[in-house]
């Protein structure tokens, strides 16, 4: 299978998703299931134009920048036209009526976006940055113009704007706190393990055993355990520690992050060529100087790799904090799940995925920079 | 061995409160059976798919698909299991459907990544030598590349299995009857005994799964050493010393 064929498969996927799966569903309110308006029928000419633009992104003969731009235009057109079609479909209905996005829309969107990313990946660095900027603008301008306001997801967001923003902030704070706690644990342990290799084995075994425990079990088990601890030492309550709330979420998440961080710090410190270290010592460098000048620069790219894994995991794992009263975007997901309100669930889930993907991409960039300079 | 001991200890913690007013042990065992069944139903096809895809993208004919597979693996890692289960609910309704989908997603990626990394770590000389000896490409893959790659692939399988047990627990949120069910029940009713029982039982099952897989691998590696003394099998026993 050639790369061009993968592009063709993605285009075919977008077309089939639009033709066979529900694109928009119109429901009497936010909870009832709606009736699907099938395929591209609601989009009219815009669907044909968008698919033509996407088709232009497929052939290898088309230069990468043109293909990526055409694909991006196609995806943006699909989005805007879907917003318009949603507004049309709600014409004359009660104000509680909602126009929800169907499975066909999501599949088509993912296929189109994958096509753009595949073409954009061939561009040089500045080209990719420009493509990302254009993509953001292509979302931002219609958003400002109100093209998406009829979509059920946006209506739900408008109704809960303050709660979503607070949850996003809290999610980031919980993830940050867990990462900080895990670093406090992992870096000294890794340093000790580097100095005394005998200590590394048991530490690795313990941290590895934590990974085996299912996350939902560890989050949940921390509630009775913390409650028992607080009953023994009531003074801890004065420090703001509670059996329910942020404490179990941060502790449990930090427990999972410790292994990738510990492993990457240890691996990074050991990355320096023993010959280079010996040469530095022979030149009269002190042990501290060797660590600063020789080991750290070589360790940073390895450490950035571990940090990337840890950050992505932190953003994902903190979601379960919604179950133990810590709040965050997970609370929105679980509230939506218990109400069977798809849009509310998506309001929690989409930012989590966006945050995780953005963090992954940013730290990957940092990794390449560090790797190139080391 | 450590993992199996931990599993036995945690199982005791999970079952004992049943005789003192907690979740009844009989039902807990039933949930454990359906939990294990659900995890296996998801992870076995996922592992086979991951292996097949991993082999495909490392063949000369499938190499062009490699960037797509990498991007997919990164994207799948960015979606936490809870979110995958939640997103699948609108499409499949409550029950086993969303969990099976999430299990497939999470099972494929670690196996695919491990298979690709393992096959790429096989020295090209080994493959060329096999081809020069008259092996067909498929024969070289089966007799030379896969045995050399096996320890790393096995690590991917282990990760997939542990993830499957964890994800099946999350499935309780979407209405699947698993060991996550007592956890969710306990959280909803502020019953910490139920939470502790469910958590201990889930962790016990995860350790048992890991321990059994590693024991199986150690047994296989031991047999492999007797027959062919490949470098792969000595790594395989090193793996089994992990918890």
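The values are calculated or read from the model by the stated rules, or taken from the named source; none is laboratory data. Predicted model only: the values in this text are computed from it and were never measured. Cβ placement follows ideal geometry from the backbone for every residue including glycine, while neighbour counts extend to all protein chains displayed.
Okay, here's what the table says:
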{"quantity": "Only listed residue being surrounded by 20 or more Cβ atoms within 10 Å (Cβ to Cβ) and over 17 Å from residue A:197 (Cβ atoms), chosen from A:296, A:257, A:266", "calculated": "A:257"}
{"quantity": "Residue list for the stretch A:218-244, restricted to those being at pLDDT below 85 and within 13 Å of another protein chain (Cβ to nearest Cβ)", "calculated": "A:243, A:244"}
{"quantity": "Scan of the stretch A:112-138 for residues that are under 26 Å from residue A:155 (Cβ atoms) and either surrounded by 15 or more Cβ atoms within 10 Å (Cβ to Cβ) or touching a helix residue (DSSP H, G or I) at 6+ places or on another chain (Cβ under 7 Å) (or both), ordered by number", "calculated": "A:112, A:113, A:135, A:138"}
{"quantity": "Any chance residue A:236 is closer than 30 Å to residue B:189 by Cβ and either surrounded by fewer than 24 Cβ atoms within 10 Å (Cβ to Cβ) or out of contact with any helix residue (DSSP H, G or I) (no Cβ under 6 Å at 6 or more places or on another chain) (or both)", "calculated": "yes"}
{"quantity": "From B:86, B:76, B:71, residue being facing another protein chain (nearest Cβ under 8 Å) and surrounded by fewer than 18 Cβ atoms within 10 Å (Cβ to Cβ)", "calculated": "B:71"}
{"quantity": "Test: residue in the stretch B:42-56 that is assigned to a helix (DSSP H, G or I), more than 10 Å from every other protein chain (Cβ to nearest Cβ) and under 18 Å from residue B:176 (Cα atoms)", "calculated": "yes"}
{"quantity": "Residue that is farthest from residue A:356 (Cα to Cα), among those in the stretch A:186-207 that are surrounded by fewer than 18 Cβ atoms within 10 Å (Cβ to Cβ) and touching a helix residue (DSSP H, G or I) at 6+ places or on another chain (Cβ under 8 Å)", "calculated": "A:199"}
{"quantity": "Qualifying residue in the stretch A:133-154 (condition: in the same structural domain as residue A:11 (by TED's automatic domain parsing), under 20 Å from residue A:16 (Cβ atoms) and within 25 Å of the chain's Cα centre (by Cα))", "calculated": "no"}
{"quantity": "Which listed residue is crowded, with 18+ Cβ neighbours inside 10 Å and either modelled with pLDDT under 85 or within 30 Å of residue A:196 (Cα to Cα) (or both), from A:340, A:334, A:303", "calculated": "A:303"}
{"quantity": "Hits in the stretch B:168-177 - residues which are more than 8 Å from chain A (Cβ to nearest Cβ) and under 17 Å from the mean Cα position of the chain (by Cα)", "calculated": "B:168, B:171"}
{"quantity": "From A:331, A:304, A:356, residue being more than 10 Å from chain B (Cβ to nearest Cβ), farther than 30 Å from residue A:272 by Cβ and touching a helix residue (DSSP H, G or I) at 6+ places or on another chain (Cβ under 8 Å)", "calculated": "A:331"}
{"quantity": "Answer residue from the stretch A:98-111, given it is part of a helix (DSSP H, G or I) and touching a strand residue (DSSP E or B) at 6+ places or on another chain (Cβ under 8 Å) and is surrounded by the fewest Cβ atoms within 10 Å (Cβ to Cβ) among those", "calculated": "A:103"}
{"quantity": "Filtered residues of the stretch B:57-68 (kept if surrounded by 17 or more Cβ atoms within 10 Å (Cβ to Cβ), in contact (Cβ under 8 Å) with a residue 40 or more places away in the chain and either within 11 Å of another protein chain (Cβ to nearest Cβ) or outside any helix (DSSP H, G or I) (or both))", "calculated": "B:57"}
{"quantity": "Among (1) farther than 16 Å from residue B:34 by Cα; (2) more than 14 Å from chain A (Cβ to nearest Cβ), the one test that residue B:159 misses", "calculated": "(2)"}
{"quantity": "Residue match in the stretch A:117-132 (condition: touching a residue at least 40 places away in the same chain (Cβ under 8 Å), more than 26 Å from residue A:82 (Cα to Cα) and not in a helix (DSSP H, G or I))", "calculated": "yes"}
{"quantity": "Single unsatisfied condition, residue B:164 versus (1) crowded, with 21+ Cβ neighbours inside 10 Å; (2) within 9 Å of chain A (Cβ to nearest Cβ)", "calculated": "(2)"}
{"quantity": "Selection from the stretch A:139-157 of residues that are surrounded by 12 or more Cβ atoms within 10 Å (Cβ to Cβ) and not in a helix (DSSP H, G or I)", "calculated": "A:147, A:148, A:149, A:150, A:151"}
{"quantity": "For residue A:178: the one exception among (1) over 25 Å from residue A:356 (Cα atoms); (2) touching a residue at least 24 places away in the same chain (Cβ under 8 Å)", "calculated": "(1)"}
